[in-house]
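Nothing in this text is a laboratory measurement; each read-out follows from the coordinates by a stated rule. Not measured: the values here are computed from a predicted model. Note that we place each Cβ from the backbone using ideal geometry, even for glycine, and neighbour counts take in every protein chain shown.
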Amino acid sequence: MNSGSNLFLSRRGFLAVAAGTAMSLPMRPTRASAVDERTLRAAPGQAQLAGPDRAPTPTWAYNDTVPGPVLRLRQGQPVRITVENGLTEDTTVHWHGIRLANAMDGVPGLTQPPIAPAASFIYEFTPPDAGTFWYHPHADSLVQLGRGLAGALIVEEAEPVAFDRDLIWMLQDWRLAADGRIAGGFGSAMDAAMSGRVGNLVTVNGMAPADQGVRAGERVRLRLANAALARMMALRFEGHRPVILAIDGQPCDPHEPEDGRLVLAPAMRVDIALDMQGKPGGRYQVVDDFYDGLAYTLAALAYDQAPPLRVHPPDAPAALPRNPLPEPDLANAVRQEIVLQGGMMGGGKLAGVGGMMGMSGMMGMSMKGMTMPGMNGTPAWAINGVSMTGDGHAGMAPQFTLRRGITCHITMRNETAWWHPMHVHGFSLLLLSRNGAPVPHRQWQDTVLLAPKDTVECAFVADNPGDWMLHCHVADHQMAGLMTVFRVT
Ligand code: C2O
Ligand code: CU
Ligand code: CU
């Protein structure tokens, strides 16, 4: 009766508590540490880009640093990143190269509403792949990236990989005016239709060319990331023999680059093993000689006086553990062409630009009766005849649709006279061939560089549903039409 039912209730209550305790107590500490919590705040700031004696540069920055803080995550460990918008315009953050759910991809209009000023957005994902990635806005990209909003995102291997040191060089390119301010004129027709906004100062981790202190005999894992708007880079390490371990975060068969030159287009990353075989006290330059006649010293490896860390160099660097990428099934693949068109002296398909243009016409923009592609807001570029401009917005119709799980074999053809680092969101592409020659070393990339007139074959498994971007990562080119969307159903 009364006592009986009380007993029953209290027993039930007790049991419930006991069960709850038993289940939640051991769980709680694990759960708290299992989700890695981070905050990024985008806001105006200042940086001493050109060195301590020069005027500071007003920037836009994540957590007041340029580049933004290095986010070190762990493979397979969930992360929750709160992004606060302290700018006076909309923003988003895109986790470049991370394979994640479409809703976390950071494309305004397409995958999420933009983050309004003073608002915030919580990104949650679990990085499946270890490697070197980066983050940047995908709203007003040209301006926001150009004012400094970018940071490195390193996903550490679930099982640690041994190096004497792990370094990152986040490379950014700035167009500074004489007073140290970032020059205006973002999105000029000239930049849009030609090589994009190439700047006049390259920084390494936010600083003008400086020395990288090293010790003889050590083996460094150096992660290089090109976060420039438009500048292509080709790095040479004087007196050293870098070995490429990973491209765009994805391990490949270790190999030395052709001619010892590491080509890094905007948005690309390369991880190298660098054995410090120089002499104690020595100084060796790292030179970027991508553009003919415009080579400059990016940094120098400055050896301290300490005796070599080891007498003999260690054995050749071992391959990094491969990431769990689905293997393309080429025999049953669907084929898709991606044809890049437009630009000055380009495919001749846009805005009435025909044939060849003289240098005077190019520079002066005084082409009688012709519209320069990209002028007056007209698109300068197209993919398969369609120009999608801007950063992403609602209602972008996918150009092609893939059934989930199918292998897509892509042929990218560059009909233009310019270089384009073509980037795909949400996937890594296995490179098959370039201009008919097989691509060695099993390279997977999220950003594939096409030289003028190049044709590249690549493939991926469409295992991740959603609407995904595919665009040139020269920001001006993307904004001016070199972008498309595809859907995985
Ligand atoms: Cu880093 Cu849409 O890209
Ligand atoms: Cu991306
Ligand atoms: Cu381009």
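Listing for the model above:
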read-out	value
Charge dipole (the chain, unit charges on Cβ, about Cα centre) - positive-most of Ser120, Met422, Ile154	Ser120
Cα principal axis extents for the chain, largest first, Å	101, 62, 54
Fraction of beta bridges assigned by DSSP in the chain that are antiparallel (%, nearest 5)	70 percent
Two-decimal Rg/Rh across the stretch 205-282, once Rg and the Kirkwood Rh are taken from alpha-carbon atoms	0.96
222 nm mean residue ellipticity, helices alone, for the chain (DSSP H n ≥ 4; -39,500 (n - 2.57); rounded to 500)	-3500 deg cm²/dmol
Degrees separating the helix 2-34 axis from the principal Cα axis of the chain, which is the longest one	30 degrees
Computed over the stretch 33-99: relative contact order in percent, which uses C-alpha pairs under 8 Å that are six or more apart	40 percent
Ordering of 237-245, 322-330 by burial proxy (mean other Cβ atoms within 10 Å per residue, highest first)	237-245, 322-330
Per-pair calculated FRET efficiency, R0 = 45 Å: Asp179 and Glu157 via Cβ, rounded to 0.05	0.50
Those residues of the stretch 448-488 whose amide nitrogen sits under 16 Å from the label point placed on Val386, 7 Å along Cα→Cβ	466-472, 481-488
Relative contact order %, the chain, counting alpha carbon pairs below 8 Å whose residues are six or more apart	14 percent
